[in-house]
Amino acid sequence: MEEDARDRSCCDALCFMSDHIGFCGTIRSSPSDFVVTELDERGRLVTKPLDELTNKSHVVEPDSLAKRPKLDLQNVSVDEGSSQGANAAARCPSGDPCGSDRSPGDQEGPLSGRTCQTEEDAEDVISWFLDGETNEQLSEFALDLKERWNSGTELVESSEFPLAKTCSKNQRAALHTAVRQKFPFLITLIKDSTIVVKPNLRYKELCHLVSEEEAAGFFTYLNAKEENSTFSFKPDTNKERRRAVHLFVHKRFGGLMESKSFPELGCSARDPKVVVTVRFRDRTHKARKRSLLDGQRPEVAHTAFTLRKENVEMFEAIDFLAAKLGVTPADFSYAGLKDKKAITYQAMVVRKVTTERFKDIEKIVENKRMSVFNVRPASEALRLGQLQGNHFDVIIRDVRSQSGDSAPVAGRVLEAIENVKNKGFVNYYGPQRFGKGKKVHTDQIGLALLKNEMVKSVKLFLTPEDVDDPVNRAKRYFLETEDAKGTLAMMPEFKVRERALLESLRRFGLTEEGCKDVWFCLPYAMRMFYVHAYSSRVWNEAVSYRLEAYGSRVVAGDLVRLGPVPNEEQSSDTKVHLVTEEEELANMYAIHQVVLPVPGYSVRYPENLVGRWYQELLSRDGLQTCSFRLPALALKVPGCYRHIVKQPHNVVHQLLEDHGSEVRGEGTAGTGAPLSLRISFDLDASCYATVCLREMMKHEG
């Protein structure tokens, strides 16, 4: 498949479910003609009053987690017959190995799942598990390593010291943590059933950016894993060095922790010093499980709200809110993406922001065609797909019959709506998924990322449109000169993502390796968005091929989903069944049960012509199933399954003359005035209203 073949209209070769004539009209004459309101998991509009949305089982009052007790080494279980059991017996006050009198059904001691909180704790654990000779050899290994380090001798990762053999998971966890706490410049790992100690090369990497004292403090903080705590590096005036620290944290520990810069309190404007602070990412769902076992309520770390925006891109809105609330875009979570050219209402959750903080930004937000309301504490972040669907209120302007059709338009409208209500529509991803009207579509960037073509992906991201405005002039300058610094000076301030990418390019350069680092300036959700766009494009083409090959029959080798799955795009394997020849002959399944895989590394493909089509297309694009793992960008794309046919719910419509009179029956407007169609309906999560309307109208609108 030729590269430029991907850059065609996303609506080419799309199929229809029914053969009615349809009608013409204009969708989205203005944002107010297209209003989208999210439906939460219980099917409630997110614009409902706060008292109706508040669910006490999901809203949790602030409560401090109980402090963990001091380590109780006497109750750590030790397996009988192990060398560590003998060592423990030598030091146990009773003369017996601690825990050796337990029955197999007894629980492990209080060390299970606990970390060492101080260096004294770490010393206690090491002394408890290691005999005196091994403990002394460990200290000598660490001291020798440090001396070689300070003398400038190159450290090799093969330098290692075998520490101990342990059988208990509880023991291993305690000993791993203790060694790393006492010696933050060492790491521990399991090798041939033995805990081995090696130099921590990431520690040395960080020492090139900050002092050794700060590096030791950072890794001590990392190994302690204290919830709701932070670590701050020393104040620094060097912006490049701070940026390098941010990148180090993001690349090496981005899945575990995050970093942000804050001005040092009391610093002067002439000599601004900025502090880089890191914290662990929230793991609220895990905390809740532990809390339930402990009989405690989880601590509130999130604030939920409803965001209204008008003609504002969702990621642009998040960037703006993050800047005003003093958090990062990654702190925001949401259930689904929303259109730009529309008025949209959606639920969002932001971490580490109090409800009172929103009062400070209400007026500022309104000046940006946005508003926030229904602000309330929440117990956890939202997940993509964590919604029942969306409610749409749409006005289609200038409604008229198709060219050459002499039938009354009102009859055509009624026929179209009834057909789609009964037969449904092909569940394509909408054109906004790919950047409608753009020179470069988002799926092209996603394909470049999947093929590890990093420079190409960055250039595609910065490709200008054929418009003469400051943004596109800056992009055009970059492609002509590859001068990131000069382009940054030209790029308007409101283009947050473009400026962030150019800042990273200025530092890391337009090379394959440099551009890998550049992509980390964008939030995880944004990186994943481009890769998902490619998978969505493939799915659109696959469903067209499937319907052309087999029509609405369910045939052997098709995949069907048994039972409802509310968040189908979050599931890669839920109740998917391969249709057999016997089931085809018995007509056991209907077309609305058929699903096709959205490509990823863990999906199953149909075992008929459609399955072969997938493999041929991915091969032509230079991809294999393993290509959907991108360690260089910290992305994994398992894939999922998507129904090929969907139906709208709760459809209500009204055909009006522009002066407000309703058109009744199947006749035309009596005055000849232009007609408008007001239509409202609900769609399941991840369905597109523009695609549903296209099926009705047989016209793009």
| field | Flagged links, alpha-carbon separation over 26 Å, of 475/698; 251/636; 273/475; 234/456; 438/495; 338/439 | value | 475/698; 273/475; 234/456
| For region 400-454, alpha-carbon Rg over 2.2 N^0.38 Å | 1.87
| query | In angstroms, what radius of gyration and Dmax does region 462-522 have, counting Cα atoms only? | reply | 10.9, 32
| task | Please identify every one of the GluC sites (Glu not before Pro) in region 476-514 that sits in a loop by DSSP and has no more than 10 other beta carbons within 10 Å of its own beta carbon. | result | 493
| request: Compute the length gained on full extension between residue 586 and residue 626: take 0.36 nm times their separation in residues and subtract their Cα-Cα distance, giving the result in nm to one decimal. | output: 10.7 nm
| said: Please compute the modelled spin-label separation between residue 494 and residue 21, points set 7 Å along Cα→Cβ, answer in nm with one decimal. | reply: 4.4 nm
| Rough spin-label spacing in nm, given labels placed 7 Å along Cα→Cβ, for residue 261 and residue 406 | 7.2 nm
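Read the figures in this text as sums done on the coordinates, not as results from a lab. Predicted model, so just to flag it, every value in this text is computed and none were measured. When we count neighbours, we look across all protein chains shown, and the Cβ atoms used for this are built from the backbone with ideal geometry, even at glycine.
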